Amino acid sequence: MEFFCPPCQKIIDDSHPLCHKAQAWFHEADGKKLWRIRQLNQYAYQYVTDEEYAHLYVGNPIVLSEARCWSRFDGRSCTGIDSRGERTSIFE
């Protein structure tokens, strides 16, 4: 799975370790609601917090091909509570 590094916006895949900036971003997102979105006609996913997600579509509608969210994100294990109520990895 390829995704944009949240702070750098460089495309990385989950077979490589996260850079220090990405690790810090996920650590700061601890306890928040986290979204994994894919905009239409883009292959890579984006990870955004609930606040960042709200800012994405203010004034400009965005078209998503996929969206998934986790509440109570744990920045150490990169897991959160999914829509089924289970704690799952954000990278699956």
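The values are calculated or read from the model by the stated rules, or taken from the named source; none is laboratory data. Worth saying up front: this structure is predicted, and the values here are computed from it rather than measured. Quick reminder, even Gly has a Cβ in these numbers, built from the backbone with ideal geometry, and neighbours come from all protein chains shown. Keep in mind that these areas ignore ligands, DNA and RNA; they rest on the heavy atoms of the full protein, side chains included. Shrake-Rupley method; radii C 1.70, N 1.55, O 1.52, S 1.80 Å.
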Across region 25-45, the tally of residues that are of a type in the set (D, E, K, R) and under 10 Å from residue 64 (Cβ atoms) stands at 1
Can you find a residue that is surrounded by 16 or more Cβ atoms within 10 Å (Cβ to Cβ) and touching a residue at least 24 places away in the same chain (Cβ under 8 Å) anywhere in region 48-66? yes
Out of all the residues in region 21-39, which are part of a loop (DSSP other than H, G, I, E, B) and either open to solvent by 40 Å² or more (accessible area, probe 1.4 Å) or of a type in the set (Lys, Arg) (or both)? 30, 31, 32, 33
List every residue pair whose Cβ atoms lie under 8 Å apart, where the two residues are 6 or more positions apart in sequence or sit on different chains, the first residue falls within region 25-40 and is within 15 Å of residue 54 (Cα to Cα), and the second residue, located anywhere, is open to solvent by 80 Å² or more (accessible area, probe 1.4 Å) and modelled with pLDDT under 95. 32/51; 39/63
Of all residues in region 1-20 being open to solvent by less than 50 Å² (accessible area, probe 1.4 Å) and closer than 22 Å to residue 71 by Cα, which is farthest from the chain's Cα centre (by Cα)? 18
Among the residues that make up region 71-90, is at least one of them open to solvent by 50 Å² or more (accessible area, probe 1.4 Å), part of a strand (DSSP E or B), at pLDDT 95 or above and more than 20 Å from residue 12 (Cβ to Cβ)? yes
